[in-house]
Amino acid sequence: MTHRSDYAAFVDNIFGAGSATFDVTKTLSNNVIGALAHPDEFAEFKTNYASRLRRIEAAINIDPSLRKDVLGAVNRVAEDEWDGAYAELCALDYFLAIPQTGPGNIELDRTLPASDTLASEMGMQNANHDMRLKTLSVSMDTKNLSDKTGQILKGIFDEFRKAKGIVRMTIVPTYDHDGDFTPYVVNRPKLLAELVNGVDVKARTPRLKSQVILGLSYEFAWNAGAYVSTRSYSPEEHATKHHTLLFGHIKKFSRVEPTVITYVMFPWAGESVFLGPGKEAFQTAFGRQFFNNYIGSVDLASKFNKKVKSNIPAADVTKHLSGVIFLDDKSITAVDPSHINVDASFVWNRNAIHSLIDHPLDFELRRRGAVDRS
């Protein structure tokens, strides 16, 4: 039995035989299906995730049009890009919970003409939204707010241990959590080679300073014990370096109705800084900097997204994003599986062409306890 075969049985038990379509013979795993397969731990998460999928399955029985896309996401949870699929299911569970956005009022994987969105500024013919709240006329895309650099390093560490024949060893990296993850993508082979060539298993190299990326270093836990790393953190600086991620979603911004980017925060896939002090300040600064910093700027959107082919100003682009919603998923430790177990907050764009201030979505979020970080 593999973690994937265990997950296939889990999926088929909820959605019916044959619902799991991924290859169960592969030994690949990830945080979610690994936890579900664990014999002794993660009881709360197992119960909460099962309850989430059963709520979604009940919605499919009311609105069968959801089934194809839901099962697509459920199956992708078994794959390498599991975090994005998990985020989609979390957001769907949250929005299905009220009549205004419940079964029959949500459209998934919606394709529309690029001219209805800023995708036309990128030379595209069609655009796509993960979700549309039909009754409220709001387009939405769901993303996982994650530590991309940490995920890249984790993959490198797995390959390093395999190359060195190391069964188990903790590697504690020190790096700029506020920095761009792109250098890690570009230099991934060099980073792996640096570890393989720079660490002596017999001598038990205690630490290594990277010559590939400035500020990156590693400590190696050859013996059992606790290893702790410390660093300073500024939520405002973090937002300054990360808010431009929103320019990466330009093709999703609608010309005809409000558009929201929904970020799911999940401890097994997200940045650790979102789990403690500073989370609220980051959310506020993240939204405000994107919505306000480019008003009056001469910068073109193509400066921040190379796929933009037109001369549309960055300021015009930012006006087409109506808001950002943050969903803080508590499924790992929550004790009541009958609840959605998600804390919501949002930042609205006061300069938006299609404003969500005093919009029915604004009312519904507040009624459910979502916090305005604007």
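Considering each residue of the stretch 335-349, count those that are out of contact with any Ser or Thr (no Cβ under 6 Å at 6 or more places or on another chain), within 18 Å of Phe95 (Cβ to Cβ) and of a type outside the set (Asp, Glu), and give that number.
Filtering the stretch 335-349 down to residues out of contact with any Ser or Thr (no Cβ under 6 Å at 6 or more places or on another chain) leaves 335-336, 338-340, 342-346.
Narrowing further to those that are within 18 Å of Phe95 (Cβ to Cβ): 338-340, 342-346.
Checking which are of a type outside the set (Asp, Glu) leaves us with 338-340, 342, 344-346.
The number of residues fulfilling the criteria is 7.
Within the stretch 281-325, the set of residues being among the aromatic types (Phe, Trp, Tyr) and not in a helix (DSSP H, G or I) comprises Tyr294, Phe304. Considered as a group, the residues in the stretch 148-200 that are among the hydrophobic types (A, V, I, L, M, F, W, C) and in a loop (DSSP other than H, G, I, E, B) include one that is modelled with the lowest pLDDT, and that residue is Phe181. When you scan the stretch 99-116, do you find a residue that is outside any strand (DSSP E or B), touching a residue at least 60 places away in the same chain (Cβ under 8 Å), over 28 Å from Gln283 (Cα atoms) and among the polar types (S, T, N, Q), even just one? There is at least one residue in the stretch 99-116 that is outside any strand (DSSP E or B), touching a residue at least 60 places away in the same chain (Cβ under 8 Å), over 28 Å from Gln283 (Cα atoms) and among the polar types (S, T, N, Q). Taking the criterion of being in contact (Cβ under 8 Å) with a residue 40 or more places away in the chain, assigned to a loop (DSSP other than H, G, I, E, B) and closer than 30 Å to Ala50 by Cβ, the residues of the stretch 335-357 that qualify are Val335, Pro337, Ser338, Ile340, Asn341.
In the stretch 201-218, how many residues are modelled with pLDDT of 90 or more and touching a Ser or Thr at 6+ places or on another chain (Cβ under 8 Å)? Result for the stretch 201-218: 7.
Taking the stretch 111-134 as the range and being of a type in the set (Ser, Thr, Tyr) and either under 10 Å from Ser254 (Cα atoms) or surrounded by 14 or more Cβ atoms within 10 Å (Cβ to Cβ) (or both) as the test, the residues that pass are Ser115, Thr117, Ser120. Taking the listed residues Gly276, Gly248, Gly270, the one that is modelled with pLDDT of 75 or more and within 28 Å of Ala85 (Cα to Cα) is Gly248, with no other qualifying. From the set of residues in the stretch 135-155 that are over 30 Å from Ile353 (Cα atoms) and buried (at least 20 other Cβ atoms within 10 Å of the Cβ), which is nearest to the chain's Cα centre (by Cα)? If we take residues in the stretch 135-155 being over 30 Å from Ile353 (Cα atoms) and buried (at least 20 other Cβ atoms within 10 Å of the Cβ), then Thr149 is nearest to the chain's Cα centre (by Cα). Somewhere in the stretch 44-57, is a residue assigned to a helix (DSSP H, G or I), touching a strand residue (DSSP E or B) at 6+ places or on another chain (Cβ under 9 Å) and either among the charged types (D, E, K, R) or without any contact (Cβ under 8 Å) to a residue 60 or more places away in the chain (or both)? Checked the stretch 44-57: no residue is assigned to a helix (DSSP H, G or I), touching a strand residue (DSSP E or B) at 6+ places or on another chain (Cβ under 9 Å) and either among the charged types (D, E, K, R) or without any contact (Cβ under 8 Å) to a residue 60 or more places away in the chain (or both). The residues of the stretch 350-373 that are touching a Ser or Thr at 6+ places or on another chain (Cβ under 7 Å) and closer than 20 Å to Val264 by Cβ, listed by number, are Leu356, Ala370, Val371, Arg373.
The values are calculated or read from the model by the stated rules, or taken from the named source; none is laboratory data. Bear in mind the structure is a predicted one, so any value in this text is a computation, not a measurement. Cβ coordinates were reconstructed from backbone atoms using ideal geometry, including for glycine residues, and neighbour counts include every protein chain displayed.
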